[in-house]
Each structure stands twice: as C-alpha cells, then as structure tokens.
Amino acid sequence: MWRKNRFKTKQSENKVLSAKQIVLCIIVAEFMSSPRSNSDAVKRLSKQFGFIDCGISKADFLEEEASRLELWLQNKFHGEMHYLENYFDKRLDPRLLVPGAKTVVSLLFNYYPESKQNSDTYKIAKYAYGEDYHTVLKDKCNELLDQLRSLVGHVEGRVFVDSAPILERAWAERSGIGWIGKHGLLINKKQGSYFFLAELVIDLECEPDGKIKDFCGTCTKCVDSCPTEAILPNKTLNASKCISYLTIELKNEMPIAFKDKMNDWMFGCDICQDVCPWNKFSSPHTEPRFMANGDLLSFNKADWEELSESSFQKVFSKSAVKRTKFKGLMRNIKFLDKP
Ligand code: B12
Ligand code: SF4
Ligand code: SF4
C-alpha cells in the first residue's frame, strides 16, 4: 500500500521524477510497508521506548480462552471483582473494542526494582513502588503509536494498559513473548515475570509471531509457596483467595480465615514470583517514574502503623497504592497486626 509520508519530494528541491523513478518509488513503498516491515517498525520503536519485548498477534476471537473464562466466572474465582463479568464478548475479541482492528501488539515493561523494602516490615508488591503504571505506560504507548504513524502513515487504533476488557496475558502468550506459568502470570525467558503488559490494537496489518512452549516443566515452587492455596491446577487462580485481591480489591472486612496466612503483605503479594526460578534473570529497571519514594523503602512496622493521612498522600502521591485509599491500607495493617 502506498503510504503518503514516505517519499515526499521536498518542494524546495523542485525535482521532477521520471516515470521510471516513480515506478521504482511505488515498488519500494510497497515493499517497505509490507506486514513484515510494519512488524519490524513496531518492534524497533518498542525498543526505543524502553519496552523489553514486543510480540504480534492477529486480532481475532480468543476461542480457547472463552470456555476458560466462562468456567472461571461460574466458579466465582473472581470474588467481588464483578466488573470481570461484564463485556464478555469484547473481552474475547478486540475487534469489538477497535472496529477494523487487524493486529494486537503486546508490550512488556520491566518494573523489577534495584532497591527493595527492609525485610522486617509490612510489604508492598514491587509493581506498586513507583508511579502508577497505568499512567506511565499509557504515555509511552501513545507516543509509540504517534511515532508509528509518522513512519507508516495513518493508523487507527487504541492503547490498552489494564484499562479495558482485554485478556492481556492471553494476547502476550499468543504473540510468543512468554508463556503463562503455573501461577497464571506471563513469564519471559530473558526477564522472568516482573513486568507490566500493555497493548496496541491497530488496523495496521503486521506479520504475527507464534506461541512458544511452556518452560515450567516439573517445577511447582509457586504452587507450594502460595500461603492461601490460591493457585489451582491447570494455571487457574482462585483470585478470591489471592493476597493481592484481599489487600487491594476486597472492599469489605478481610475474612479471619486468612489471618495467619498474609505473611505481612499489606498491598499486593509477590511470593509466587519471588520463588520462581525464572526471576533470577530479572534485572533492575531504569525508568525514573518507577523509582520508589525513599520513605516507602525505609519505613519499619511502627512507621506504617503510625502513618497519617497526609504522610500517606505524600509517600504515595502518584502511586497505584492510592487504589486502596488511606482507609484501605490502614484496614490491611490492622488486620496484619491483629493479635
Ligand atoms: C483482575 C486482575 C487481577 C486479579 C485476578 C488475577 C487473575 N489471575 O485473573 C488479582 C487482584 C488477584 C490480581 C493479582 C495480580 N496481578 Co493482576 N490483573 C488483573 C487484570 C486486570 C485482569 C485479569 C483477568 O482478566 N482475569 C480473568 C482470568 C480468567 O483471565 P486470565 O487469567 O488472563 O486468563 C486467560 C488467559 O491467560 C488464558 N489462559 C491462562 N492459562 C491458560 C492455560 C491454558 C491451557 C489455556 C488454554 C489458556 C490459558 O485463559 C484465560 C481466559 O479465561 C489483568 C490485566 C488484564 N486486563 O488482563 C492484571 C494483570 C494480570 N495483573 C498483573 C499483576 C502484576 C498482578 C500481581 C503480580 C500484582 C501483585 N504483585 O500483587 C498479582 C499476581 C497474582 C497471580 N498469581 O496472578 C499483570 C501481570 C503481568 C504478568 N507478568 O503476567 C497484569 C497483566 C496487569 C498488567 N497490565 O501488567 N490481578
Ligand atoms: S500473589 Fe501471593 S497469594 Fe496470590 S497466588 Fe501468588 S503467592 Fe498466592
Ligand atoms: S515457580 Fe515454577 S511452576 Fe511456578 S511459574 Fe515459576 S517455573 Fe513455573
């Protein structure tokens, strides 16, 4: 397809192309905007924006996942996250989210921190140390999409970071940038699993990548280490038992049955990832917006217990921890502290 921006002749040069040259230009343009070259362009740009991997899938209906999702919801594994019951069809077909979509681009962004919290304190999952990833990644993806347009011409599309009904892990798995581990998270062979997922759903035709194999083998470390037994066979998570759900998503009182199982996690949980052998390949991110506020890393248990609402606003000014609000974080701390 002829892409307008590419071979614009500068008016100032006032060059007149011969018929032969025009034909040559058309052939070159055809070649340069093939599905293959489009994929190459997206991948090159993704590197420039700091994504650690990028994979491509044809926008289609997620057939295998449909029955899994239906069963998962029937079993009430989503607990009180009722929003996951909505938009069933859209969740399985991105073409219903972006009319005319041809391609799903899956992107990985590293959040593994160089410095971590003290060992004897209430814990926050590493993904929430810095600025809220929804904002940071949306900015990057929108810029990436703009740059793509300036390279290949008009592209219709939308950027997703956890922001709409889309099965991000299923798309990433399909695009070959990792496999879904027994704990249900996507694992990348070079980087482990401490990364965020984001997607571009676009009407540009790109060459899809293929799925890779599962490298969990006979390992069961995550299953054995999960304190609430939330990880079930066949890569299924009973989210209603996951500490991440209990501390972030559950709005009511925490069930007392979990009292001795929380392992001091006050926001999210990283146990199943910390024990995963693939995470020995994690290397620290270099994204300034994901750097933790110093207080967050140095606070001990007493500091957290005495946290005031104004300090909460200061420490977590742009953080995803704001999702629980001050009240929610205090509820979690009190639950952990309960005799
Ligand atoms: C709701 C949600 C949660 C819930 C429920 C988790 C869950 N497993 O569904 C809770 C609050 C518990 C949660 C916790 C966490 N989450 Co969360 N979460 C989401 C969210 C918003 C939706 C997930 C969803 O749709 N679940 C519904 C289930 C049924 O769908 P699914 O698990 O994706 O599974 C589908 C496919 O993967 C596929 N599939 C899976 N396995 C297999 C196997 C076979 C054989 C087949 C055929 C298919 C298949 O079929 C399923 C369709 O039903 C996503 C973002 C998004 N939009 O995808 C982030 C997301 C999954 N979460 C993320 C993170 C980082 C976490 C935590 C690590 C945070 C923390 N440290 O506390 C934990 C990890 C807990 C865990 N072990 O999974 C990242 C994962 C990154 C990664 N490396 O994979 C995501 C992608 C957000 C992002 N944009 O980066 N999360
Ligand atoms: S995040 Fe924690 S509670 Fe949830 S599945 Fe992993 S180990 Fe279990
Ligand atoms: S801990 Fe073992 S079983 Fe679990 S995801 Fe990692 S490799 Fe797979």
Ignoring everything except DSSP H segments at least 4 long, calculate the 222 nm mean residue ellipticity for the chain; use -39,500 (n - 2.57) per segment, divide by total residues, nearest 500. -9500 deg cm²/dmol
Only loop residues by DSSP count here, and only those with at most 15 other Cβ atoms within 10 Å; note down the GluC sites (Glu not before Pro) in region 115-158 that meet that. 156
Can you pull out the GluC sites (Glu not before Pro) in region 188-273 that DSSP calls coil and that have at most 12 other Cβ atoms within 10 Å? 229, 253
So for the chain, averaging the separation of alpha carbon pairs under 8 Å that are six or more residues apart and normalising by length, what relative contact order in percent results? 23
Quick calc: nm separation of the 7 Å Cα→Cβ label points for residue 214 and residue 295 -> 4.5
Give me the three principal axis extents of the chain from the C-alpha atoms, as integers in angstrom, largest value leading. 86, 43, 35
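About the Cα centre, and with charges only on the beta carbon of Lys, Arg (+1) and Asp, Glu (-1), how big is the dipole of region 35-339? Nearest 20 debye, please. Please list the in-between numbers first.
Details: 43 positive and 43 negative charges, 48 e Å.
Dipole about the Cα centre, nearest 20: 240 debye.
Since every read-out is calculated from the coordinates, none of them should be taken as a lab result. Bear in mind that the values here come from a model prediction, so they are computed numbers and not experimental data. Neighbour counts run over all protein chains shown; Cβ positions are idealised from the backbone, glycine included.
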